[in-house]
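In what follows, a structure is listed as structure tokens, so that the remarks can point back to it.
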Amino acid sequence: MIPELPTLLLLGLLGGLLALDATAVGQFMLSRPLIAAGLAGMLAGNPEGGIVVGVLLEAIHLAVLPVGAARYPEAGPAAVAAAGAFAGAPASSQVALLVSVVFMLGCGWLGGRSVEWMRRTNARTAVPPEGPVDAGTVERLHLRAIGLDFVRGAVVTLAGLLVLGTILETLGWIPFRQQWTRPALALCAAAALASSLRLFGRRRMPLFAAGAAAGVLLLWLR
Amino acid sequence: MLLRSFAVQGSWNYRTLIGTGLAFVLVPALRHVYRDDPARLRQAVGRHAELFNAHPYLAALAAGAIARLEADGVPPETVARFKAAVRGSLGSMGDRLVWLMWRPACALLMVALLLAGAGWWIAAAAFLVAYNALHLWMRAWGLDAGWREGLQVARTLREAPFERLGERAGDAGAVLSGFSAVLAVGWGGDHGWPYAVLGLAALAAGIALGPRIRWVAAAALTALLAAGVVLPNNP
């Protein structure tokens, strides 16, 4: 659902700040999907909804590596948009959850393309001419690039909120088979979490198996 | 310089990568070193705004060493050769330790805590404290070591415990990966043995596909969404 205007603006601000955290300023990892979605859920008045969206997105984004000039999706603003729009949906709406997660994957991809656009723009506008240059000029170019990244992140977030919010508001009259959704989301999250073993190396399979056994034990004890 | 190092990637671009950012970090030191010579200050800022790249946390180490070389009056050609020599290793060491091992392991800790029943605040705080303990140490240690060692900083890098730390993080990450994957299957509900077998298949598919699982998951969820709309009334 599209949040009220003050909440919408706050979420846009949060999306801009988290876009900065991802690369430009800080990199404290507040922009991780689970943190970003939890914060967005709180701002939008539904922390539980934000956390559910966040944990699914975190699992799917776990193996994304922001290495050098590689292309990768941008998780922070997309997670804010997904959690912010999902916050207004009925708690039991599995279809809204599914739509939010699928939308976030697309929104993250578009966010990644907007990062590429910004980096190409920076190549023209944030690089001083060769040769001697004033220190103040370098500072100004650098800070302007940071400002551009903030605006880009806020715009991606607001666009995502408006589009996803509109989609979720139309879902109420679309019939949907709900009972598949939660198990399917859980299986996708489990597969994505297991895929992270490839980051650590398959030679650690025994450790993975030990962790899985501990998980089975915990489920059994419950 | 330490505070500015947090924004070293602020103007990341495809031409000079973090070149402008490195110059931005170095400006306070260069202003101090060349406070009586504005022309040399402009030359030094221009030289350091050229192409450079490193892992953002270890860029502080390069910045500290470059500031030391400038303060010691080392010739610009030597400083340029030093920058070219360290940028590859600062990138690969940081990528391997932080992006490949430390961050996924800490993120898995957060997910595992949440799926095991801990509150979001606890899980998020555990992630942020664990992750940023290394992050902040790398920045502060890097700047200090770079300034102390100057050209000899490569030796300090070799002696740093990055390799061991990465190995331990990888071990912990593998355990947490298995643990959280099974708990994620459990989050889907109790649907008997057929679902448990599907869960096992999902884990196997995740391990087999690696990072490509993201695209497979996106396609599967999109197909599920379409099927749920098209087949709403079928049993």
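The values are calculated or read from the model by the stated rules, or taken from the named source; none is laboratory data. The shown structure was predicted, so the numbers you read here are calculated from the model rather than taken from an experiment. Note that we place each Cβ from the backbone using ideal geometry, even for glycine, and neighbour counts take in every protein chain shown.
State whether the residues of the stretch B:72-90 include one that is under 25 Å from A:V64 (Cβ atoms), surrounded by 20 or more Cβ atoms within 10 Å (Cβ to Cβ) and in contact with a helix residue (DSSP H, G or I) (Cβ under 9 Å, 6 or more places away or on another chain).
Step one: filter the stretch B:72-90 for residues under 25 Å from A:V64 (Cβ atoms), giving B:87-90.
Adding the requirement that they be surrounded by 20 or more Cβ atoms within 10 Å (Cβ to Cβ) leaves B:87, B:90.
Of the ones still in play, those that are also in contact with a helix residue (DSSP H, G or I) (Cβ under 9 Å, 6 or more places away or on another chain) are B:87, B:90.
Yes.
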Fill in the blank from the handout: From the option list B:M101, B:M138, single residue qualifying as farther than 25 Å from A:A59 by Cα, within 13 Å of another protein chain (Cβ to nearest Cβ) and either assigned to a helix (DSSP H, G or I) or not aliphatic (A, V, I, L, M) (or both) is B:M138
Problem - Within the stretch B:1-23, tally of residues that are more than 16 Å from A:A126 (Cβ to Cβ) and within 7 Å of another protein chain (Cβ to nearest Cβ) - result: 1
Fill in the blank from the handout: Residue count, the stretch A:21-76, condition more than 7 Å from chain B (Cβ to nearest Cβ), crowded, with 24+ Cβ neighbours inside 10 Å and either among the hydroxyl-bearing types (S, T, Y) or within 20 Å of B:M138 (Cα to Cα) (or both), comes to 2
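Kindly indicate whether any position in the stretch B:105-121 is more than 9 Å from chain A (Cβ to nearest Cβ), closer than 22 Å to A:P66 by Cα and buried (at least 16 other Cβ atoms within 10 Å of the Cβ). Give the steps one after another, and end with the answer.
First, pick out the residues of the stretch B:105-121 that are more than 9 Å from chain A (Cβ to nearest Cβ): B:109, B:113, B:118-119.
Now narrow it down to the ones that are closer than 22 Å to A:P66 by Cα: B:109.
Filter again for buried (at least 16 other Cβ atoms within 10 Å of the Cβ), leaving B:109.
For the stretch B:105-121, residues more than 9 Å from chain A (Cβ to nearest Cβ), closer than 22 Å to A:P66 by Cα and buried (at least 16 other Cβ atoms within 10 Å of the Cβ): present.
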Practice task
Restrict the check to the stretch B:24-44 and report whether at least one residue is within 11 Å of chain A (Cβ to nearest Cβ), within 21 Å of the chain's Cα centre (by Cα), part of a helix (DSSP H, G or I) and crowded, with 21+ Cβ neighbours inside 10 Å.
Solution key: yes
Practice task
Have a look at A:V53, A:V95, A:V80, A:V99 and point out the one that is part of a helix (DSSP H, G or I) and closer than 13 Å to A:M1 by Cβ.
Solution key: A:V99
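What about B:L128, is it more than 10 Å from every other protein chain (Cβ to nearest Cβ), aliphatic (A, V, I, L, M) and part of a helix (DSSP H, G or I)?
Values: more than 10 Å from every other protein chain (Cβ to nearest Cβ): no; aliphatic (A, V, I, L, M): yes; part of a helix (DSSP H, G or I): yes.
No; evaluated as a whole, the condition is false for this residue.
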Fill in the blank from the handout: Taking the stretch A:1-45 and keeping only residues that are within 14 Å of A:A79 (Cα to Cα) and not aliphatic (A, V, I, L, M), one is left with A:G12, A:G15, A:G16, A:D21, A:S31, A:R32, A:P33, A:G38, A:G41
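Which ones in the stretch B:165-193 are over 17 Å from the mean Cα position of the chain (by Cα) and more than 7 Å from every other protein chain (Cβ to nearest Cβ)?
Filtering the stretch B:165-193 down to residues over 17 Å from the mean Cα position of the chain (by Cα) leaves B:171-172, B:174-193.
Scanning the stretch B:165-193 gives B:A172, B:D190, B:G192, B:W193.
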Practice task
Among the numbered conditions (1) in contact (Cβ under 8 Å) with a residue 12 or more places away in the chain; (2) of a type in the set (D, E, K, R); (3) surrounded by fewer than 18 Cβ atoms within 10 Å (Cβ to Cβ), tell me where B:D171 comes up short.
Solution key: (1)
Fill in the blank from the handout: Over the stretch A:2-48, the set of residues touching a helix residue (DSSP H, G or I) at 6+ places or on another chain (Cβ under 9 Å) and acidic (D, E) is A:D21, A:E48
Exercise for the section: Report yes if some residue within the stretch A:161-177 is at pLDDT below 95, at positive phi and facing chain B (nearest Cβ under 7 Å); otherwise report no. Expected result: no
Practice task
Find the residue count for the stretch A:113-136, including only residues that are more than 7 Å from chain B (Cβ to nearest Cβ), surrounded by fewer than 17 Cβ atoms within 10 Å (Cβ to Cβ) and in a helix (DSSP H, G or I).
Solution key: 7
